[in-house]
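Structure record follows, encoded as structure tokens.
The values are calculated or read from the model by the stated rules, or taken from the named source; none is laboratory data. If you're wondering where the values come from, they're calculated on a predicted model, not measured in any experiment. Using ideal geometry, Cβ is built from the backbone for each residue, glycine included, and neighbour counts are taken over all protein chains shown. Only protein heavy atoms, including side chains, enter the accessible area calculation; ligands, DNA and RNA are left aside. Shrake-Rupley method; radii C 1.70, N 1.55, O 1.52, S 1.80 Å.
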There are 2 protein chains.
Amino acid sequence: MRPTKRDELVQKALQTFYRNGFQATGMDMLVAESGISKTSMYKHFRTKEDLILAVLRLRDEQFRNWLYRRMEEKAGTPQQQLIAMFDALEEWFDEPGYKGCMFIKASSEYQDASHPIHKQSADHKRMLESHITNLAEQAGMENPGALARQLLILKEGAIVTAHMGHTDNPAKDAKAAAIQLVKNHSP
Amino acid sequence: MRPTKRDELVQKALQTFYRNGFQATGMDMLVAESGISKTSMYKHFRTKEDLILAVLRLRDEQFRNWLYRRMEEKAGTPQQQLIAMFDALEEWFDEPGYKGCMFIKASSEYQDASHPIHKQSADHKRMLESHITNLAEQAGMENPGALARQLLILKEGAIVTAHMGHTDNPAKDAKAAAIQLVKNHSP
DNA sequence: TGTTATATGTACCGATCAGTAAATCTAGGC
DNA sequence: GCCTAGATTTACTGATCGGTACATATAACA
């Protein structure tokens with residue numbers, strides 16, 4: 001079991017794909033930036049698409065772990081966690097090198113709904129929806145499913161608005177909206 | 001003044017880019033799908049980037065005209081128009097071949113904020129924000145700028161959620177949220 | 001009839017694309 | 001010391017990329 005090299009490749013590819021895009025990044029660029037030979041890459045992944053799918057799996061794990069932990073650190077109750085999601089997003093948007101959501105970009109570059117990369121991106125969003133719906137249930141909200149979907153629409157909208165860069169602080173705007181929605185869904 | 005051929009090219013390129021993506025569409029594919037020779041294309045546009053910028057200008061004009069007219073047709077008062085935006089979005093999402101927002105995709109494929117394609121995409125969003133803010137002012141809303149930004153975050157979120165396809169009817173969810181936000185901003 | 005602007009087809013450019021072949025190097029297990 | 005497995009470099013494939021050269025065709029206008 002030598003997990004090192006393969007994981008190192010996926011980690012480096014994630015950074016390059018995020019910074020440079022999927023289609024715009026050639027395998028030769030990955031060789032140059034990761035220091036791993038092309039032959040080794042194709043030993044681990046049969047195609048570029050397989051590598052991208054592995055990158056998205058890693059990103060899904062990293063992002064959900066980070067978001068859920070940050071929401072818990074910032075708030076005590078489930079209801080407060082729903083609002084704290086937007087404080088966590090603001091931290092993310094302010095990071096240098098922020099370039100939007102990797103899954104939105106993936107499904108934008110591979111836009112056919114039947115494409116494996118598109119489907120796996122949609123899976124990530126489904127898992128987020130499941131978690132937020134659970135939180136809304138724990139918080140005793142009325143219609144937790146609908147509230148979760150509304151909050152996640154705010155989240156996606158804030159992510160793309162922050163990436164477009166035409167607005168000062170979309171996380172703050174989304175948070176203000178979220179507070180009203182949560183209040184209106186409280187019993 | 002012969003506007004025909006050039007406009008025909010831009011119109012055809014718009015369809016192909018929207019269906020197939022920007023980077024994934026080569027100039028040879030545009031030749032095949034438009035029936036216009038490559039030499040003529042490069043007479044009208046010096047680079048592929050110039051053609052994309054012209055396509056985005058056309059799309060901006062088409063989309064804003066369509067959205068504003070549809071909002072007016074569906075509602076009488078400015079306040080009702082704000083809500084009707086989400087009914088118009090639902091019509092759009094239900095169209096066959098819906099593939100998300102062209103400007104989100106453009107800024108996702110050309111993600112550097114200093115890139116002309118990214119900047120022009122942000123301009124489109126700025127013009128939408130200006131129009132919605134005006135409507136919110138005409139409707140006598142409190143803090144019309146903040147309400148407009150919130151509604152537009154809902155719009156962008158619904159657009160990407162509809163494209164991901166993991167949710168049934170994001171336009172309906174966004175509309176329900178918008179109704180609450182407008183109500184809370186009413187004097 | 002001659003001029004000019006715009007269109008065309010075809011063939012090409014160097015660079016890059018994803019992916020492969022083959023020979024060599026390196027390290028750990030026995 | 002030897003064997004094996006994984007990693008390496010180098011060179012290569014055919015296809016496609018954005019963009020160009022060049023010679024020709026068409027049609028309006030003078």
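Give the residues of the stretch B:41-57 that are open to solvent by 50 Å² or more (accessible area, probe 1.4 Å), over 18 Å from B:GLY21 (Cβ atoms) and either within 12 Å of DNA strand C (Cβ to nearest atom) or assigned to a loop (DSSP other than H, G, I, E, B) (or both), sorted by residue number.
The answer is B:TYR42, B:LYS43, B:HIS44, B:ARG46.
Given the conditions (1) away from DNA strand D (no atom under 16 Å from the Cβ); (2) at pLDDT 95 or above, report the number of the one that A:TYR110 does not fulfil.
With (1) away from DNA strand D (no atom under 16 Å from the Cβ); (2) at pLDDT 95 or above applied to A:TYR110, the lone miss is (1).
Among B:GLY35, B:GLY76, which is on the phi > 0 side of the Ramachandran plot and at pLDDT below 95?
Within the list B:GLY35, B:GLY76, the selection yields B:GLY35.
Return the residues of the stretch A:16-40 that are more than 9 Å from DNA strand C (Cβ to nearest atom) and within 14 Å of another protein chain (Cβ to nearest Cβ); say none if nothing qualifies.
If the condition is that a residue be more than 9 Å from DNA strand C (Cβ to nearest atom) and within 14 Å of another protein chain (Cβ to nearest Cβ), then A:THR16, A:PHE17, A:TYR18, A:ARG19, A:ASN20, A:GLY21 are the ones that fit.
Has the stretch A:173-181 got any residue that is under 17 Å from B:LYS172 (Cβ atoms), open to solvent by 20 Å² or more (accessible area, probe 1.4 Å) and modelled with pLDDT of 95 or more?
No: the stretch A:173-181 contains no residue that is under 17 Å from B:LYS172 (Cβ atoms), open to solvent by 20 Å² or more (accessible area, probe 1.4 Å) and modelled with pLDDT of 95 or more.
Which residues, counting only those in the stretch A:17-33, are within 18 Å of A:ALA106 (Cα to Cα) and in a helix (DSSP H, G or I)?
Selection gives A:PHE17, A:TYR18, A:ARG19, A:ASN20, A:MET27, A:LEU30.
Given the criteria modelled with pLDDT of 90 or more, surrounded by fewer than 19 Cβ atoms within 10 Å (Cβ to Cβ), over 14 Å from the mean Cα position of the chain (by Cα) and farther than 30 Å from B:LYS175 by Cα, does B:GLY26 qualify? Lay out the reasoning, then the answer.
On the way: modelled with pLDDT of 90 or more: yes; surrounded by fewer than 19 Cβ atoms within 10 Å (Cβ to Cβ): yes; over 14 Å from the mean Cα position of the chain (by Cα): yes; farther than 30 Å from B:LYS175 by Cα: yes.
Here the answer is yes, as B:GLY26 does meet what is asked.
For the stretch A:180-187, indicate whether the set of residues that are more than 9 Å from every other protein chain (Cβ to nearest Cβ) and touching a Ser or Thr at 6+ places or on another chain (Cβ under 7 Å) is non-empty.
Looking for residues that are more than 9 Å from every other protein chain (Cβ to nearest Cβ) and touching a Ser or Thr at 6+ places or on another chain (Cβ under 7 Å), one finds none in the stretch A:180-187, hence no.
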